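Down below is the structure, laid out as structure tokens.
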Amino acid sequence: MSVIRSLWARGAVRWALAGVLVAFAAVLPLLNLVVPGVLPGATYTPGTLQILALALIFAALALSYHVLFGVTGLLSFGHALYFAIGAYGLGIILERTGLDLLPAVGLTLVVAIVLAALFGAVSLRVSGISFAMVTLAFAQAGSVLIRRNPDVTGGEEGLGLETEHIPDWLVGVVDTRNLYWLALGVIVLVFLVVRWFERSRAGHVAAAVRENELRVRVLGLPPFSVKLLAFVIGSVLAAITGMLYLLLQSGATPRAVSADFTLTILVIVVLGGVGSRWGAVIGGVVYTLLDQRLTALAGSEWIDDLPAVLRIPLSEPLFILGTLFILVVLFLPGGIVGLAARLGRRRTPTSAGDARDRLEETT
Amino acid sequence: MSTVILLLITGLGLGALYFLVASGLSLIYGLMGVLNFAHGSFLTLAAFLGWETARALGADSWGSLVAALAVGAASGALVAAGTEFLLIRRLYDRHIEQVLVTVGLALATVALFDGIWGTDPQFIRGPAWLAETTEVLGARIPNNRFLLIAVAVLVLVAIMVFLRFTRYGLVIRAGVENRSMVTALGIDVRRAFTLVFAIGGAAAGIGGVLASHYFGYVSPQLGGSLLIFAFIVTVIGGLGSLPGAAVASVVVAVLQQFANFYLGGSGDLVVVLLLAVVLLVRPRGLFGRVA
């Protein structure tokens, strides 16, 4: 045991576990696994792979939000905007310019970096709750722009993906597994970038800003530029997941930039456990599968026979998720990861109290 | 000229609506530091209940409108006070978690309204006079704008009088100023919390019934769409300042109307731009105090 523990401390076991997990996820499309009640079909079928890829995208998006909220303590209500910039940006560039996929992705990245730096610089003039409202307002402006310009963005109908310049191996139902592998690659990349940022000097300053901004300032370190850096990194990672979303769903809808969508990301992060990278990943996967299952439940037959008092709440997935979210905030401040740590051997001192404080430090 | 008058008065009407939502947000934030995302749901619920009341009593009479307003105010106050008592109070002084709880409540309640009343807007009717127009200096103004402005002014005056001349008003004002001092003097400031939520909920409830007349329909999304502008108004006016919320409501709504008419429907964008400018020039808002 002591050998394992010392290896754990050095991270070797954790790396090995993560490697096994990624390898397992990578071979899923080749397996015929059936998990009744969780997945709609065997793991090699395109429908299931689509949902799994979506789960990975939400997990990556939650990771990108973790950079803002979990690491730096920035409560943004406009994170969906950058996801939408990725999705719509890539879609519009592909449709209008006739560039190939890779240059188009590069161009979208440049656009995302510029916009994130610009909006971030303005909204970071204020902090705390005001920051939350300002980011919300910017996202709302983006939502209005997308809805009001149907000839560019497709308006309420949404934007379809122009497949002409996309490599063949990413188009078509049979190729869903390629998209799944791409999503897996992206989430590994996002995870490593977030990990690198958290462990960099800037990441340490960002965490210090979350704990006590005044003190950072007294020490002569620049809180503004570190916050801006975290904002840009988080936003660009969100844009990358947005691009992937466009490819997977063959289009983007205005829902991707709505305030509800940002709240969904927030729900995922809190559900998984604020301040934890794995929490964000687990939250994203659990949320997507739960959302899928609850929607299936809402359409199932036995629910029609229930009296209205039960039928109406049960047939609204968002009602159940919202209630679950309230319960997690009230009774389970560390989210799923916090619960696991509490139930486990208390190997790490991450108890509920810590998680609660961690959440509160973000004010 | 008549267009300017029309835009101005319609803007004032919309500003009245923003104020009814923003006043509660601003008071709650000022006293408790809670950004209440569920405020839009209070408004939507009141609008639906007001609509049901008016429908049950016959929608065309003034009596049913007054009844709808009363039901809206009462249900808004009741739900808001209940929210504070059951959810917010458990997380005393944990501001982020309080915000998260209201976010969850907003998500859950909007879904619930979807389930109960359907996602499509329900078109409403009111007293015939509200649907008519009155000519002011050559501009034909829909009458419901006057009702909105009158009610909002009444609510503003009522809240001001309450805050200035009653004992609870005194406690609330003192609490906004320095909460720990009030507690140290042996006053149970938590009762003031519930009260502030009830007042804000009542204002939002009245706003909900009036909003359904302004837009001509009720839908589960009604509160959410107004809430975002109410947030902008509270930030521009200065968080926690009631006069700030009143002034900013009017400025934002009138600007929005003019931009919508003269700049090709860009009202929402201009408002966000105004917010950005205010933040760059004066981050604490028009009437806000230095944090």
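Can you compute 3J(HN,Hα) from phi for each residue in segment A:65-80, using the Karplus curve 6.51 cos²θ - 1.76 cosθ + 1.60 with θ = phi - 60°, rounded to whole Hz and x for Gly and Pro?
Coupling constants for segment A:65-80: 6, 4, 4, 6, 7, x, 8, 8, x, 9, 7, 9, 10, x, 5, 4 Hz.
Give the distance, in whole Å, between the Cα centre of segment A:148-178 and the Cα centre of segment B:131-168.
50 Å
So who's got an amide H within less than 5 Å of the one on residue B:134, skipping anything under 5 residues away but keeping other chains? H placed 1.01 Å off N, in plane.
Those qualifying (amide H under 5 Å, at least 5 residues apart or on another chain) are B:141, B:143.
Would you mind telling me which residue in A:44, A:82, A:245 has the biggest mean-square fluctuation in a Gaussian network model of chain A, where springs connect alpha carbons within a distance under 10 angstrom?
Checking each option, the largest mean-square fluctuation is seen for A:44.
With contacts defined as alpha carbon pairs under 8 Å and 6 or more residues apart, what's the relative contact order of chain B in percent? Please list the in-between numbers first.
On the way: 488 pairs, mean separation 104.6, N = 291.
Here the relative contact order equals 36 percent.
Please compute, for the alpha-carbon atoms of segment A:42-361, the extent along each of the three principal axes and give them in descending order in Å.
That gives 55, 53, 35 Å along the principal axes, largest extent first.
Could you work out the relative contact order of segment A:42-361? I mean the mean sequence separation of Cα pairs under 8 Å and 6+ apart, divided by the number of residues, in percent.
Reported as a whole number, the value is 30 percent.
At 222 nm, what value in deg cm²/dmol follows for chain B if DSSP H runs of at least 4 each add -39500 (n - 2.57) and the sum is divided by all its residues, to the nearest 500?
-25500 deg cm²/dmol
In segment A:42-361, with Lys and Arg counted as +1 and Asp and Glu as -1 at Cβ, which of these residues, A:127, A:220, A:153, has the Cα nearest the positive end of the dipole, that is, farthest along it?
Checked the options; the winner is A:220.
Among A:32, A:268, A:331, whose Cα lies farthest out toward the positive end of the dipole of chain A, if unit charges sit on the beta carbon of Lys, Arg (+1) and Asp, Glu (-1)?
A:331
By its C-alpha gyration tensor, with a ≥ b ≥ c as the square roots of the eigenvalues, how is the protein assembly as shown shaped: rounded for a/c under 1.5, else prolate for a/b larger than b/c, else oblate?
Numbers: a/c = 1.63, a/b = 1.42, b/c = 1.15.
Cα axes put the protein assembly as shown in the prolate bin.
For residue B:217, enumerate residues with amide H under 5 Å from its amide H, sequence gap 5+ or separate chain, H modeled in the peptide plane.
Residues meeting the amide H criterion: B:124.
Sequence-distant or interchain residues sharing an amide H contact under 5 Å with residue A:275, placed H: which?
A:70
Averaged over its residues, how many other protein chain Cβ atoms are within 10 Å of peptide A:317-326's Cβ atoms?
Average per residue, whole number: 6.
Which ³J(HN,Hα) values in Hz, rounded to whole numbers, follow from the phi angles of segment B:14-24 under the Karplus curve 6.51 cos²θ - 1.76 cosθ + 1.60, where θ = phi - 60° and Gly and Pro get x?
Going residue by residue, I get 5, x, 4, 5, 4, 5, 4, 7, 5, 4, x Hz, with x marking Gly and Pro.
Assigning unit charges at the beta carbon (Lys, Arg +1; Asp, Glu -1) and nothing else, what dipole magnitude in debye, to the nearest 20, does segment B:134-202 show about its Cα centre?
With Lys and Arg at +1 and Asp and Glu at -1, about 100 debye.
FYI, it's all coordinate maths here, none of it is from the lab. All values reported here derive from a predicted model rather than from experimental measurement. All Cβ positions, glycine included, derive from the backbone under ideal geometry; neighbour counts span all protein chains shown.
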